[in-house]
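Take a look at the structure below.
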Amino acid sequence: MTAYAAPHTIVTGQAGRVDHRRRALLVARLRLLLIAGVFVLVAAAALVRITWIGTVESAPREQSMAEALLPLRGEITDRNGVPLARAFPAYALWFNPSAMAEGGDGGPPLVKSPEQVAAELKAIFPDLDQHEVTQQLRSGRAGYLRRRVLPEDANRVIAIGELALELPRETDRHYPQGRMAAHVLGYVAADGHGRVGMEAVLDEYLLDPARRADPVALSIDMRVQGALEDELRSGMRSVNAVGAAGIVLDVDTGEVLALASLPEFDPNDVQSSDVRVTQEQYDRGITAPAFNRVTNQVYELGSTFKPLAVAAAIDSGSITDLSRRYGATPYEVQGRTIRDSHPLGASLNTPEMLIHSSNIVTGHIVDEMGAATLRQYMVDLGMNERPYIELPARGFPIWQSGEWSRIRAITVGYGHGVAVTPLHLASAYAAMVNGGIWRPATLQRVAPGQAPRGRRVFKASTSARMNQLLRMIAVYGTGRNADAPGFRVGGKTGSAEKPGNGGYRQTSLVSTFAAAFPMDNPRYVVVAMLDEPQGTVASSYQRTAAWNAAPIVGRLVPRIGPQLGVLPDADRDIDLTDLRPLVGGVD
Amino acid sequence: MTYQSRIRRIGWFAALGTCIALYALLHLKVNAVHADVVRAERQIVRLEEQNMLLETEFLTRSSQLQLAAWNRVDFGFEAPRADQFIDSPMQLASFGSPRGADAPQPIRLAGMTSGEDLPEFPKLVSPLTGQPLDERVLAGDEPDGRNVAVSLVAGPLRVPIAGAAEAAVAEVAMAGAATR
C-alpha cells in the first residue's frame, strides 16, 4: 500500500506547508479509499463465492469410511445375525485380447500359446474346461473366462504373466451357505435386482443407500434350516421321491424358522434350467428347481386334515362326547362310496378314528357338524386364499366357492376336494395347537412381544383337547415313527393320491406329516411332505406317510429341539389319562 | 521517510512474513494430518474388506451342508438323545457316585500317553511378534521349577498375547511365591 504514497517534494514557506498538508490529506484519503476498495472487493468476492457455493456448486461429497464400507446391496442375515446373503467384492477373470495390441504392433493377444495358457489356468482352476478355454483364447473374442476368482487364485493368474488376462473387481452377491435356504433367499439376477425369494421382496430396501448399511434379519434360523434340509434330502433320497417340502413354524408368532423345498437350486450359480422347464417337462408334471413347493404348489394333503375337522366339530359343539362310537363300515354319499384303506372294525370313537385315520368316521363327524360349519372353519383358517407370507410365489388353493355339498364337505374332512399349500397346513396346525389363534406366517424376525394379534378360530379348550389327540396319534397311532423320545411330539400322517387325468392316480402319492412339539406346551409346528415317494427298503416297502414322512420328523425334532430351546425330558408329557381308556385296542 | 517509519515498515513486513510462514507451516501440518487420516481410513476399509472376505470364506467352508456331510460321513455324529441331557444339579452329582457291583465296565477310549512315541508338540508362535513363545511360560513353571507349590489348573497357562514372555514368567514366579 505504501507504494501508492505520493512522492515527497520539498516545498518551503507558508504556501508550501498548506500545499504539503493538502497533499498529505489527499494521499491519506486515497489510501483510505484504496483500503476501502480492497475490503469491498474482498467482501464482494466472498459474497459471490458464497452465492456460487449455495446455488451452483453441488454439495460437498463426504468421502469417509462409512461410504466406502457401505455395501452395494444390503446384507440378509438369519435371526441370529449369521449372514445368508452379502455383497461380496470378488474378482472375475476376463480375457481382453486388445490389451497387448494397444501398442499398435498388431501382434498376437497372448505371449504364450493359447494351449499353454489354458493349461496353466487349468492348474489353478481344476474344474476349468481346458478345451473350451483354449478355443476362446484362440478365437480372440473378449469375454469372461470365469465369473468368480478367489484372491489367492487371482494372484496366481497374475503370476502367469499374460496381459490379456484381466482381473476386474466386481461386486457380487454371495450366499455363504450355498444351496441352503435358496427358496427363501432367491437370487440376484444380472440386472442387479432380486428374484424369487426375499431378495425380490426386499429389493427396494436392500438397494436404498440410506438403509442398506443395516442388515435385514429374517426369521429363519440357519441351524434349523440346515437340519430340515438335511433330513428332508436324506428322507427324499431313501424313498426315491421326486420332491420334498418342509417347514418349521413358531406357533405363537407365525415366524418361519425353516422353509425348504427340494430339489433346490444354487443361488450362487443360477442356471436357466433352474428357473424354467421345457414344454415336455411341464407336460410330465416336472417343476423347475426354483419352484417353491411350500408356498406355491397346492396339494390335497389327505388325512392331515382330519384333526382340523375334529377340532371344528369339537369347537362347534357337534362332538360333545369323545367316547361316542360311529359306524366304520363303508357307506355311500351322493353316488360315491366313502371307504377306508383297510377295514377298521364295526365302529370307532373319535380318538380311535384319528389313531387309525378312518375316512368313514370322519365322514360321519362332518355329516353331523354340517358342511357350512366346516366350510366356515376352513375359511377362518385361511384355506380359501393365498397363504400369508412375504414371498412373491404363493399358490392359490383349489377351493370350491359357494355352498358346499355334503360329499364336498366329507371329502374336505379327510383332506381331499381342497388343495392347499403345505404352508396353509402349517398355519392351520399352529392355530389348532397354540390355543386357537390363527396368525399369518412371516419370514421377517418378530421382536419379542410384537407378534400380530391374529384371529381366534378355536376355543382354548378345543386347542387343549386337540393337543391331547395329536399326542395320542404319535404315541398309539400312525405317527409312532415320529415320536422322538423326550420331545413330546404330536402329529398326524396324511397320504393322498395325486390327481391325474381322469381321477386319482393310485401309483403316485403325496405323503405328509404335520406335527407340533412339545405337546404339553406347543411351540413349533413341523410339516414334512414327500412328493411321489416309492416303497423302498428304507420305508419297509411302504409308501404311506407313517413310513417315510413321519420318520423325517422323528429324526429332525431331536436335532432342532435343543437349538430352539426345547430340551428333551422323558419325565414330562401331556396328560393323556382321561383319553387313554377310550383307545383300548392299541398297544 | 524517517528512519523510524522505515524500521516500522520492515517490522510490519517481518510480522506479515512470520504470519505467512506460520500459516504455511500450519497448513502443511493440517494437510499432513489429513493425509494420515485418509490413509488410516483407507487402511481400515482395506482391513474391513479383508475381514469380510475371510469371514465369508470361513462361513462358506463351514456351511451347514458341509458340516452335515462331515457329521454324517466323517464323524458319525448324531443328535444327543433325551437321556444325554442333564436338567438338575442332582442328576449331575449322580454321575460321581461309585459304580455298582454288577454295573458294566465303563467304555475306555484309546489315547496316547507320554511313555509312547509321541510326536513333538508343535511350538506355539505369538501371533503378533512371530517369535516362538517362551516354553517356560507355556509349561507354567518357574524358571528353576522350585517356587511353584500349588497349581490350580493342569496343563499350560494362558498364553500372553503381547508376547511379553518375561513378564508372564515373573507373574508365575510371584504367584508361586504367594501360594507357598
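May I ask you to derive the FRET efficiency for A:Arg21 and A:Ala46 from their Cβ-Cβ distance with R0 = 30 Å, giving the value to the nearest 0.05?
Efficiency at R0 = 30 Å is approximately 0.20.
Classify region A:49-160 from the C-alpha gyration tensor, please: rounded if a/c falls under 1.5, else prolate or oblate depending on whether a/b exceeds b/c.
Oblate, since a/c reaches 1.5 and b/c is not below a/b.
Determine, from the Cβ-Cβ distance of A:Val379 and A:Asp571 and an R0 of 45 Å, the FRET efficiency 1/(1 + (r/R0)^6), rounded to the nearest 0.05.
Plugging the Cβ-Cβ distance into 1/(1 + (r/R0)^6) gives 0.65.
Taking chain A as the reference, fit the longest principal axis to its C-alpha atoms, fit the long axis of helix A:359-369 to the helix C-alpha atoms, and give the angle between the two in degrees, 0 to 90, nearest 10.
Its long axis makes an angle of about 80 degrees.
If I stretch the segment between A:Arg324 and A:Ser405 completely, what's the gain in nm (0.36 nm per residue apart, minus their alpha carbon distance), one decimal?
Here the answer is 26.6 nm.
Can you tell me which of A:403-411, A:185-193 comes out highest on packing, and rank the rest after it, using the mean Cβ neighbours within 10 Å?
Ranking, from highest mean packing down: A:403-411, A:185-193.
Among DSSP beta bridges whose residues both lie in the protein assembly as shown, state the antiparallel percentage, nearest 5.
95 percent
Would you mind checking the tilt of helix A:222-238 against the longest principal axis of the Cα atoms of chain A, expressed as 0 to 90 degrees and rounded to 10?
Its long axis makes an angle of about 50 degrees.
Please compute the average number of Cβ atoms from other chains found within 10 Å of each residue's Cβ in peptide A:554-562.
The mean count of partner-chain Cβ atoms within 10 Å per residue comes to 2.
Taking 22 Å as R0, compute the FRET efficiency from the Cβ-Cβ separation of A:Gln444 and A:Thr171 and round it to 0.05.
0.30
Between A:Asn80 and A:Gln130, how many nm apart are label points set 7 Å from Cα along the C-beta direction?
With each label placed 7 Å out from Cα toward Cβ, I get 4.4 nm.
Suppose the chain between A:Ala372 and A:Thr55 were pulled fully straight at 0.36 nm per residue; how much longer would it get relative to their current alpha carbon spacing?
Between A:Ala372 and A:Thr55, full extension yields 107.1 nm more.
Starting from region A:248-335, pick out the trypsin sites (Lys or Arg not before Pro) whose DSSP state is loop and whose Cβ has at most 16 other Cβ atoms within 10 Å.
Filter output for region A:248-335: A:Arg276, A:Arg284, A:Arg324.
Work out the mean other chain Cβ neighbour count within 10 Å for the residues of B:60-71 and drop it here as an integer.
5
Residues of A:169-176, mean number of Cβ from any other protein chain within 10 Å of their own Cβ, rounded to a whole number?
2
What are the lysines whose alpha-carbon lies under 30 Å from the alpha-carbon of A:Lys498, with same-chain residues fewer than 8 places away excluded?
The reachable lysines, counting only those whose Cα sits under 30 Å from A:Lys498, are A:Lys306.
Where does each of A:526-539, A:219-232 land if you order them by average Cβ count within 10 Å, highest first?
A:219-232, A:526-539
Let me make sure I get this right: for region A:159-295, a, b and c are the square roots of the gyration tensor eigenvalues over alpha carbons, sorted descending. Under 1.5 in a/c it's rounded, otherwise prolate if a/b > b/c, else oblate. Which is it?
Since a/c reaches 1.5 but b/c is at least a/b, the shape of region A:159-295 is classed as oblate.
Run the reach check for A:Lys122 against lysines, Cα to Cα strictly under 29 Å, same-chain hits fewer than 8 apart removed. What comes back?
A:Lys112
Calculated from DSSP H runs of 4 or more alone, at -39500 (n - 2.57) each and per residue, what is the 222 nm mean residue ellipticity of the protein assembly as shown, nearest 500?
Value at 222 nm, helices only, nearest 500: -12500 deg cm²/dmol.
Can you list the aspartates and glutamates whose alpha carbon is less than 20 Å from that of B:Lys29, not counting same-chain residues fewer than 8 positions off?
B:Glu41
If packing is taken as the mean number of other Cβ atoms within 10 Å per residue, what is the order of A:200-212, A:252-264, highest first?
In decreasing order of mean packing, A:200-212, A:252-264 become A:252-264, A:200-212.
Since every read-out is calculated from the coordinates, none of them should be taken as a lab result. This one's a predicted model, so the numbers in the text were calculated from it and none came from an experiment. Neighbour counts are summed over all protein chains in view; Cβ atoms, including those assigned to glycine, are modelled from backbone coordinates with ideal geometry.
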